[in-house]
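Written out below as structure tokens is the structure these notes cover.
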Amino acid sequence: MAELKRGNNSGRNISNKSYVKGLRCRECKREYEIAPVHICEVCFGPLEVVYDYENIKLTKSMLRSRKPNMWRYKELLPIEGDPVVYDVGFTPLFRARNLEKYLGCKEIWIKNDGVNFPTLSFKDRVVSIAVKKAKEFGFKAVACASTGNLANSVASIASIYGMKAFIFIPYDLEPTKILASSIYGVEVIGIKGSYDDVNRLSAEIAEKYRIAFVNINIRPFYSEGSKSYGFEIAEQLSFRLPDHVIVPMAGGSLITKIWKAFLEFKMLGLLKEVDVRMYGAQAEGCAPIVDAVKKGLSIFTPVKNPKTIAKSLAIGNPPDGYYAIKIIRESGGWAESPSDKEIVDAIKILAEKEGIFTETAGGVTMGAFLRLLESGKISKSDSVLISLTGNGIKTQEALTEYVPPVKTIEPTIENFEDLYKDTLKDFTYGM
Ligand SMILES: Cc1ncc(COP(=O)(O)O)c(C=O)c1O
Ligand SMILES: [Zn+2]
């Protein structure tokens, strides 16, 4: 695959060396060799990648000299050799001044993975690692159980690698998300059931066939890609963190990995403190993690029939839910679950104030932020970062009845003037 390089190279100063030592069970700490395994055979705990932190040297000036993509953090990511898809990550992080003014808040930041490469969501971060890893392990086919964005990303990146791909999704996903997978000529399989049914079937297939399911048997490697979102928050804010970070949750992995990224940067001396509260956001119609946080429980009750317009977050039995609850509590944060109506209103606020068309998951995050402000859990004088992880173009169906219809007229200036009689007074020459 060496000839198959996409985009910019990853920049100077990036060693080809991998610092991955192996895998370790998050519960009983038993160690495993690097392999496509994800569950501890002793206690069934999830496995996690372990790095040789003592030998990793990463400084601000080293980072400054590197290309703006997620591979600038390669020492802390689990791939061997060069990536194939280069231009992933380093998405915009900016001060949301209009939103600050509108809400009367002092400091709001937005990080927008809705413009990530190649498929407009944060999933490109995890998939660009997982597919590379699948190739390293010698798999000929990749697959995923997905709520939509992962499907798009696996379909695209598997195509870049020239690998066979099987994409398993709930059959009733948004048509745009289905089309944005099918276009790549991969196998897209709609399952008559919820995401949890899709996931159960995928796990069964992964047991029987040698196929790399990115979020099942490659999961320990895959999930590490989400750390890059956290590294970027720290670096783009000049190596300091905001008071609060709000993150959308489905399986609950992203929020835990952003937290892990902050802790790793502290370990390497790139952050002085990790004094930040982590907040999780889910939709009211599927909020197992939020409900557990609010009830003070450490274990969640799975949601049997998720019902929300935020389909990308509709995972009733989140694999990392337990750890998400833990880090929300440890960091002193909280969780919120806006209704579908609040999600739509929040999407419109982001569009009208900041010019961003975020997907329903972004509406969940923004909607949760509004609730946290209202309840006083987040003070208007604190600094907040809102994580936007997907693009509104992909979830338009959720909004069709909420946006005004197009005003259609005949192509004459009289028709235009009739329509805007009063308004046009303000725009007349010589006034
Ligand atoms: C747009 C978007 N944001 C956030 C998430 C949540 O990610 P996680 O499953 O890591 O909690 C997803 C998951 O599919 C997603 O599609
Ligand atoms: Zn174990």
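Scan around Ser383 for amide H atoms under 5 Å from its own, H built in the peptide plane at 1.01 Å from N, and keep only partners 5 or more places away or cross-chain.
Here Asp243, His244 satisfy the definition.
If you build the convex hull over the alpha carbons only and average its shadow over all orientations, what do you get for segment 1-152? Give it in nm² to one decimal.
12.3
Within a Cβ distance under 10 Å of Arg371, other residues only, what is the Lys/Arg minus Asp/Glu net charge?
For residues surrounding Arg371, the net value is -2.
Please give every one of the lysines within straight-line cross-link reach of Lys17, meaning a C-alpha to C-alpha distance under 21 Å, and leave out same-chain neighbours fewer than 8 residues apart.
Partners found: Lys5, Lys57, Lys60, Lys67, Lys74, Lys132, Lys133, Lys135, Lys227.
What is the Rg over Rh value, at two decimals, for the chain, using alpha-carbon atoms and the Kirkwood definition of Rh?
On the Cα set of the chain, Rg over Rh gives 0.99.
Just flag the trypsin sites (Lys or Arg not before Pro) in segment 277-356 sitting in loop per DSSP whose Cβ has no more than 15 other Cβ atoms within 10 Å.
Lys304, Lys307
Taking amide hydrogens as modeled 1.01 Å from N in the peptide plane, which residues meet the under 5 Å criterion relative to Phe90, leaving out close sequence neighbours?
Under 5 Å from the amide H of Phe90: Met70.
Using packing as a proxy for protection, rank 358-368, 19-29, 141-151, 258-268 so that the peptide with the highest average count of other Cβ atoms within 10 Å comes first.
Output ranking for 358-368, 19-29, 141-151, 258-268: 358-368, 141-151, 258-268, 19-29.
What is segment 328-374 by shape, rounded, prolate or oblate, if you read a ≥ b ≥ c off the alpha carbon gyration tensor as root eigenvalues and call it rounded for a/c under 1.5, prolate for a/b larger than b/c, and oblate otherwise?
Prolate shape, in that a/c is at least 1.5 and a/b is the bigger ratio.
Per the Kirkwood formula on distinct C-alpha pairs, the Rh of segment 271-361 is how many angstrom?
14.0
Could you list, bin by bin from short to long, the percent of Cα-Cα pairs of segment 70-180 in 10 Å steps?
The calculated distribution, bin by bin, is 14, 37, 28, 15, 5, 0.
With a/c under 1.5 counting as rounded, go ahead and sort segment 162-211 into rounded, prolate or oblate using the C-alpha gyration tensor (a ≥ b ≥ c being the square roots of the eigenvalues; past the cut-off, prolate if a/b is larger than b/c, else oblate).
Oblate.
With a/c under 1.5 counting as rounded, go ahead and sort segment 201-323 into rounded, prolate or oblate using the C-alpha gyration tensor (a ≥ b ≥ c being the square roots of the eigenvalues; past the cut-off, prolate if a/b is larger than b/c, else oblate).
oblate
Within segment 30-90, list the trypsin sites (Lys or Arg not before Pro) lying in a DSSP loop whose Cβ has at most 16 other Cβ atoms in a 10 Å radius.
Arg30, Lys57
In deg cm²/dmol, rounded to 500, what helix-only [θ] at 222 nm does the chain give when every DSSP H run of at least 4 residues adds -39500 (n - 2.57) and the total is split over its residues?
Rounded to the nearest 500, it is -10500 deg cm²/dmol.
Once you treat every alpha carbon in segment 304-413 as an equal point and sum by Debye, what is log10 I(q)/I(0) at q = 0.09, 0.16, 0.20, 0.24 Å⁻¹?
Debye output, listed in q order: -0.30, -0.82, -1.17, -1.43.
Cβ under 12 Å from Ala155's Cβ, Ala155 left aside: what net charge do those residues give with Lys, Arg +1 and Asp, Glu -1?
With Lys, Arg at +1 and Asp, Glu at -1, the neighbours total +1.
Once both axes come from the Cα atoms, what is the angle between helix 253-267 and the longest principal axis of the chain, in degrees from 0 to 90, rounded to 10?
For 253-267 against the chain, the angle is about 70 degrees.
Within segment 59-187, what whole-number % of the accessible surface is contributed by carbon and sulfur, with the 1.4 Å probe and all protein chains included in the calculation?
Exposed carbon and sulfur together represent 56 percent of the surface.
In debye, nearest 20, what is the charge dipole magnitude of segment 185-253 about its Cα centre with +1 on Lys and Arg Cβ and -1 on Asp and Glu Cβ, if you could check?
So the dipole magnitude of segment 185-253 works out to roughly 160 debye.
How large is Rg/Rh for segment 117-181, to two decimals, with Cα atoms and a Kirkwood Rh?
0.95
Under 5 Å between amide H atoms, partner at least 5 residues away or on a different chain: which partners does Tyr51 have, H built in plane at 1.01 Å?
It is Lys21, by chain and number.
Ignoring ligands, DNA and RNA, what percent of the accessible area of segment 274-431 is carbon or sulfur (1.4 Å)?
The value for segment 274-431 is 53 percent carbon and sulfur by accessible area.
Calculate, for the chain, the solvent-accessible area per residue in square angstrom, rolling a 1.4 angstrom probe over the heavy atoms of the protein chains.
Ligands and nucleic acids excluded, the result is 44 Å² per residue.
The values are calculated or read from the model by the stated rules, or taken from the named source; none is laboratory data. These numbers were taken from a predicted model, which means no experiment stands behind them. Neighbour counts are summed over all protein chains in view; Cβ atoms, including those assigned to glycine, are modelled from backbone coordinates with ideal geometry. Surface areas here come from the heavy atoms of the whole protein model, side chains and all, with no ligands, DNA or RNA. Shrake-Rupley method; radii C 1.70, N 1.55, O 1.52, S 1.80 Å.
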